């Protein structure tokens, strides 16, 4: 793809004109290059990475998610386009002998947590409801942008789930499950609202293939770490940290992705070959029947990397005058700092009576009235029974 | 990019003179503690002479971060204080911090008078802040928000203080990790690329006994006349490094040991960039020695005491010496001397047994030998601990101590928490104990967290007080002072304002057995299968007599007899 450079030039005048001058580093290639550039049909990339397990012994699930996060960031998807959901905090967990780190390789070779991580949903926020709301876009209006999946019909989305699962369900935080039917329906809602162009779904749980059995929307490709009836196994423990660091499938997936760079031409068929039965012990599966393009022509970077399409323009834009801040009338009175603990003021402060109670005399009068009416109606002979 | 922006603003500054000025200062204070640990406090302060208050459209942001500026103008915020803390500040061993903070997340906001629906604006503000700081602040809702009636007066300037516009909430369970530090660092003008912020490496900062990062936004006086206001943003980071974790037990601290980095330059956008090392306990250099030596000394009155500091000015090139990098080294020679006991500190714990009732005890210690002073205690207890306020007792030295002001707002189930504020006079050299009994409520089974056996947190109590000071405090707020001494405004010379937080409490609520529905289904199905099934069989089964099949010899004999036409055996 042609690399486009543009720089901004300023003129020293009161009314500043900004002219955008854009130049190519290389001229347009032949029709083939341009054709391939536009063949994928997507203009932006999103990633939704979810770890659904809580508690320290599920360290490997957080490490799985963070290693995919790291690869996806390295290949170009910015933080604003990644929704990262971690159900528990392993890095600053009190059991972690090396705080602020999450390792994927034993002997602490690779810290996938890094120094520049932004987690959007963490702790108790990772629920089935929030996950489905992120996918379908039905979030409350005050949700900040970093927690939304603002994809459109030209977005390629990568969805990665990991945790504990079974035949047809995935367990969220030890208290609820999401079933494969719900997931398939969520994707169908996304398709009907045109929220994705193509979607790659990767799941690393036990019996993961059951989760993609029920998909029925177009343009979905799915990968799972094990077939129905098989368990996904974990890779290697680290004796200093005391837990298993990664799951086998994601470990080999990470090693595969470490060889990919933003301009590489590896396609999906290579991804299907990651972690054969000899390494993984379980049989990874994939599903491509709903996908319109041939998997051999789909690049890894179509989902794991980010495409930035730029438009070249020669127009100039006139910037208006900067808004001069209104100075306002000069306040004659002086401001001052407030007394932090004004003891006398506090003692004499009366809390406001919020609830209205009827005055006591009113209640007494009401009861007297009731008694009088009663005795008038039924006669005074009852009086001696009362008193 | 920052240089680019600097040159652009310079050009625009030349062309349009109405641009408000902004200023950025950074400082680091290092205070060795008596237990061998070391306390480092970073402060980054941006002052901007603009006015968000009267609905002015501000569009040109330079040093002040745009995300916070937009938050202030959109939600009509007058003051915002948010802090994220991991660990608990141990007052008895470490003294008083420069900026106190409770464990977890704490947020308190003063809104402007123009806000009509404070609760709605508060909810939206917490959601936006949760996106900016990558924290789950969206869990702040009416069940943990209170409106204090006397505590948390504004720290900035202002003439009216109507407590209807104040909201306070705390999340004691909130975890602080690199994902909170990353956006915090991105708010700084130089980011984490130059200046003191290069020392902020998460692997070292979170491997400490105490870590707290905070953002404080408030309006301040622009000059001594105080007729116009400017906006001040302070980002503070306090960290206490443990002697055994970070220094391997050897009492020798250096910037490299603490932060795994050394300093090479000051932030180019900063007007002042200084490091202060507290050498008050070391007047002649007999306890520890600081290298490289510096001729600059400074004295400041902070927390009621006059302290002496060695100053390193990073804007001067000679500070970095010939190696172009600064690695301060503090080496101890002898470890004598004891610490001045802090005048005010507090503790809190839960007493009682069982899962039905309990008692909260709050102890406040006044260590001044002859002066008494008033403290304001703020307690916010969640609704699921039902407080019995008629059992509230306040005792000092064994006798009843009646508070001069009590404000109590009872809780409403699932709507709002208890709020208890009391103004208590602490007698000199005494312990004041506040006790109140409570009963634990049973929650609905959907309201339990995924790990309910961990327990439920009750936020820290806040104790605000004006403590008598040993030396005269500086009440002139416009004189040039180091940042750490100008955090709390000072109105009188004989006392200084201090805020102490107690420990948060962890209480266990009666937790149901969540596997019970599964067990019940299994048991019911088994009972139905065995009981009903047996009964059904007994009623509808009919028995038929069947002859056992004969042996092999007999079968052959029967076949021969059938062939012969004779009846079988």
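The values are calculated or read from the model by the stated rules, or taken from the named source; none is laboratory data. Quick caveat: nothing in here was measured; it's all calculated off a predicted structure. Quick reminder, even Gly has a Cβ in these numbers, built from the backbone with ideal geometry, and neighbours come from all protein chains shown.
Looking for something part of a loop (DSSP other than H, G, I, E, B) and more than 30 Å from residue A:123 (Cα to Cα) - is there at least one such residue anywhere in the range B:376-399?
Yes: the range B:376-399 contains one or more residues that are part of a loop (DSSP other than H, G, I, E, B) and more than 30 Å from residue A:123 (Cα to Cα).
What about residue B:214, is it surrounded by fewer than 22 Cβ atoms within 10 Å (Cβ to Cβ) and more than 9 Å from every other protein chain (Cβ to nearest Cβ)?
It is true that residue B:214 is surrounded by fewer than 22 Cβ atoms within 10 Å (Cβ to Cβ) and more than 9 Å from every other protein chain (Cβ to nearest Cβ).
Among the residues of the range B:83-103, how many are within 24 Å of residue B:131 (Cα to Cα) and either in contact with a helix residue (DSSP H, G or I) (Cβ under 6 Å, 6 or more places away or on another chain) or surrounded by fewer than 22 Cβ atoms within 10 Å (Cβ to Cβ) (or both)? Full working, then the answer.
The first filter runs over the range B:83-103 and keeps only residues within 24 Å of residue B:131 (Cα to Cα), leaving B:83-87, B:101-103.
Restricting the remaining residues to those that are either in contact with a helix residue (DSSP H, G or I) (Cβ under 6 Å, 6 or more places away or on another chain) or surrounded by fewer than 22 Cβ atoms within 10 Å (Cβ to Cβ) (or both) gives B:84, B:87.
The number of residues fulfilling the criteria is 2.
Could you please give the count of residues in the range B:97-142 that are in a loop (DSSP other than H, G, I, E, B) and either within 11 Å of chain A (Cβ to nearest Cβ) or within 15 Å of the chain's Cα centre (by Cα) (or both)? Show your work before the answer.
First, the residues of the range B:97-142 that are in a loop (DSSP other than H, G, I, E, B): B:97-103, B:112-117, B:134-136, B:140-142.
Adding the requirement that they be either within 11 Å of chain A (Cβ to nearest Cβ) or within 15 Å of the chain's Cα centre (by Cα) (or both) leaves B:97-103, B:134-136, B:140.
Qualifying residue count, the range B:97-142: 11.
Among what's in the range A:145-189 and is part of a helix (DSSP H, G or I) and surrounded by 23 or more Cβ atoms within 10 Å (Cβ to Cβ), pick the residue that is farthest from the other protein chains (Cβ to nearest Cβ).
Going through the qualifying residues, I end up with A:187.
Does residue B:62 satisfy the condition of being more than 10 Å from every other protein chain (Cβ to nearest Cβ), more than 22 Å from the chain's Cα centre (by Cα), surrounded by 19 or more Cβ atoms within 10 Å (Cβ to Cβ) and over 21 Å from residue B:174 (Cβ atoms)?
On the way: more than 10 Å from every other protein chain (Cβ to nearest Cβ): yes; more than 22 Å from the chain's Cα centre (by Cα): yes; surrounded by 19 or more Cβ atoms within 10 Å (Cβ to Cβ): yes; over 21 Å from residue B:174 (Cβ atoms): yes.
Answer is yes for this residue.
Restricting the search to the range B:246-266, which residues are modelled with pLDDT of 90 or more and on the phi > 0 side of the Ramachandran plot?
Hit for the range B:246-266 is B:260, nothing else.
Looking only at strands (runs of 3 or more DSSP E) that fall completely inside the range B:267-353, which ones have 3 or more residues that are more than 24 Å from residue B:234 (Cα to Cα) and at pLDDT 90 or above?
So the answer is B:344-351.
If I ask for residues that are within 7 Å of chain B (Cβ to nearest Cβ) and out of contact with any strand residue (DSSP E or B) (no Cβ under 9 Å at 6 or more places or on another chain), which ones from the range A:101-144 would you list?
A:115, A:116, A:124, A:142, A:143, A:144
Filter the range B:467-487 for residues that are part of a strand (DSSP E or B) and away from chain A (no Cβ under 12 Å) and give the result. Before the answer, list the steps.
Of all residues in the range B:467-487, those part of a strand (DSSP E or B) come to B:467-468.
Within the range B:467-487, just B:468 meets the criteria.
Residues being surrounded by 16 or more Cβ atoms within 10 Å (Cβ to Cβ) and under 22 Å from residue B:351 (Cβ atoms): count how many of those fall in the range B:382-405.
11
Specify the residue that is nearest to the chain's Cα centre (by Cα); the eligible residues are those in the range B:488-526 that are more than 28 Å from residue B:366 (Cα to Cα), within 14 Å of chain A (Cβ to nearest Cβ) and part of a loop (DSSP other than H, G, I, E, B).
Looking at residues that are more than 28 Å from residue B:366 (Cα to Cα), within 14 Å of chain A (Cβ to nearest Cβ) and part of a loop (DSSP other than H, G, I, E, B), I get B:511.
For the range A:117-138, how many residues are over 17 Å from residue A:64 (Cα atoms), touching a residue at least 12 places away in the same chain (Cβ under 8 Å) and not in a helix (DSSP H, G or I)?
2
Return the residues of the range B:446-466 that are more than 10 Å from chain A (Cβ to nearest Cβ), in a strand (DSSP E or B) and buried (at least 21 other Cβ atoms within 10 Å of the Cβ); say none if nothing qualifies.
B:458, B:462, B:463 - these are the residues of the range B:446-466 that are more than 10 Å from chain A (Cβ to nearest Cβ), in a strand (DSSP E or B) and buried (at least 21 other Cβ atoms within 10 Å of the Cβ).
Out of all the residues in the range B:370-388, which are under 28 Å from residue B:141 (Cβ atoms) and either out of contact with any strand residue (DSSP E or B) (no Cβ under 6 Å at 6 or more places or on another chain) or away from chain A (no Cβ under 14 Å) (or both)?
Residues satisfying the conditions are B:379, B:380, B:381, B:382, B:383, B:384, B:385, B:386, B:387, B:388.
Go over the candidates B:221, B:190 one by one and state the one that is within 12 Å of chain A (Cβ to nearest Cβ), farther than 22 Å from residue B:121 by Cβ and buried (at least 19 other Cβ atoms within 10 Å of the Cβ).
Values: B:190 fails: within 12 Å of chain A (Cβ to nearest Cβ).
Of B:221, B:190, the one residue that is within 12 Å of chain A (Cβ to nearest Cβ), farther than 22 Å from residue B:121 by Cβ and buried (at least 19 other Cβ atoms within 10 Å of the Cβ) is B:221.
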